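Below is one structure; the comments refer to it alone.
Just so it is clear, none of the values below were taken in a lab; they were calculated from the coordinates. Keep in mind that this is a model prediction, so the values were computed, not measured. FYI the Cβ positions are ideal-geometry reconstructions off the backbone, even for glycines, and counts take in every protein chain you see.
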Amino acid sequence: MLNLSLLSLIILLGSIQGSILTLVLFLSKEKGPVRQKYLAWFTLILAYNSIQVFLYTTESPLVIYCPNTFFPVFHIFCLGPLLLLYIVSNTIGVSNLPYSLWKYFIPSIISFLINLIHALLFFTKALGPSTPQMLWPVFSRILQAEHIILILAFAWFWFQSYSILNRWNKINQQDKENPETTNPIIYIWLKRLLFALLTSYGIWAITIFATILFDLTVNLAFPLEISLALLVYWIAFVGNQKIQILQIQKEKINSSILDLLEPSEINTLINKMQQIMEQQKCYLDPELNLSRFAQVTELNSRYISAICNQVLKLGFGEFVNQYRIREAKTRLSDPQYQHLTIAGIALESGFNSIQTFQRVFKQTEGITPREFQNNQPKTLLKT
């Protein structure tokens, strides 16, 4: 018999809502679905955590089947990176992050490995018959340390996300002609999401530190889980609707702009964009943006944006980076640039950081710049 209460029912409904929202986001056919997938994984973790809390607080016999016993927090470590990736994918683009994506999940990987070792020792009784009793005090200390690291790590990811969002907004305030960046819906939604998470984070931090510092034995999970359940409701009914509205508006803007042009005129604009990019090598400018390129081409930035998104199926940054990668490949295979380092070639090809270059190159070519260089014919590099 489950020990149900109003609070546990709210948590259960929140987990169900989170699961439904996760499915909706994963099955979304929206253009550029990667950003939705980050939010989907985020809500999935919240839903999974709420289900575990529900089973635990209602004393359900199903709780023994939850991996939470041996892997209590490794999935929570993923929330910070997923938040950052969601913010970045909606603003500056994931390719502009300074590190490879997997590096943001290192704390989660370490937590998983530590708990995996604990589980293996527990079940195999590798330390003798009393292994479970011996491991529990150690595991308890590790769990406390993990919670503290979790709080600090999430704070870092939150401030990084907030900083990126603010920088992106300030830059875009200067670009009044670009309809993709001046629409305030995405900025307002992301900012509200961050502050909603900050509220839950504050409750979480108070809960953890109160439990550790004052050695409280009472269950303090309810305030946090209720706030997370409300957060999931809000994301589902408010935030996701705003994103859908934004996407519809963006598609209408781009479609209406292109509807004013004949197919031959669109092809003429594409040819002009490509010719100027190739002949003047605008992509070598690391500060190149939509406004600057519009000035060089003497084209309306709305036309450029619409053509990139609707015709070429690329963001403007992706459109530019394909030329930079092409330039980098030429330099990597040309012996006259052998004196340059990979970083030097990246900067001379128009990238403003080696990390961004490494990531974009790997995403485009499937191998690293060094591997590409090493694969060049020996005779070519020696001549």
Burial ordering of C308, C282, fewest other beta-carbon atoms within 10 Å first:
C282, C308
Structure shown: which of K191/K272; K37/K272; K170/K313; K103/K272; K281/K313 lie over 30 Å apart, alpha-carbon to alpha-carbon?
K191/K272; K37/K272; K103/K272
Proxy exposure order for I164, I149 (fewest C-beta within 10 Å first) is I149, I164
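With charges only on Cβ, +1 for K and R and -1 for D and E, what is the dipole size of the stretch 263-382 about its Cα centre, in debye, rounded to 20?
320 debye
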Summing +1 per Lys or Arg and -1 per Asp or Glu among the other residues with Cβ less than 14 Å from L83's Cβ gives +4
Take each of the peptides 11-17, 155-161, average the number of other beta-carbon atoms within 10 Å over its residues, and list them starting from the highest.
11-17, 155-161
Rank these for me by crowding, T268, T43, going from fewest to most other beta carbons within 10 Å.
T268, T43
